[in-house]
Amino acid sequence: MDKRYYIARGRLLRIRDGAKRVLHVRRGALWLTQEGDRRDYYLAAGSTFRLDRDGLAVAQATRPTTVMLTS
């Protein structure tokens with residue numbers, strides 16, 4: 001299932017149990033953190049990131065951002 005999200009600057013996108021789903025940043029940029037992962041990731045337009053664990057992943061837009069979440 002593919003879903004498009006529009007995230008305003010400073011707003012959050014919460015993804016629960018998204019292991020193996022892929023986040024594609026179409027426009028803008030965001031910070032991403034996953035539950036159980038000590039690292040944070042900065043994703044700019046054109047970036048992709050495969051969620052590698054279940055639990056909660058949180059993305060915060062640093063500017064108006066459009067993302068696709070695909071399976």
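The values are calculated or read from the model by the stated rules, or taken from the named source; none is laboratory data. As the structure is a prediction and not an experimental result, all values here were calculated from the model. Heads up, the Cβs are rebuilt from the backbone with ideal geometry, glycines too, and the neighbour counts pull from every protein chain shown. Each accessible area value is taken on the protein alone, full model and side chains, heavy atoms only, with ligands, DNA and RNA left out. Shrake-Rupley method; radii C 1.70, N 1.55, O 1.52, S 1.80 Å.
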For this session: Mind listing whichever residues of segment 34-55 are open to solvent by less than 50 Å² (accessible area, probe 1.4 Å), touching a residue at least 12 places away in the same chain (Cβ under 8 Å) and at negative phi?
Result: GLN34, ASP37, LEU43, ALA44, SER47, PHE49, LEU51
For this session: Give the number of residues within segment 1-19 that are of a type outside the set (Phe, Trp, Tyr), open to solvent by 80 Å² or more (accessible area, probe 1.4 Å) and over 14 Å from GLU35 (Cα atoms).
Result: 6
Exercise. So which strands (runs of 3 or more DSSP E) stay within segment 18-58 end to end and still have 2 or more residues that are more than 16 Å from THR70 (Cα to Cα)?
Worked result: 29-34, 40-44
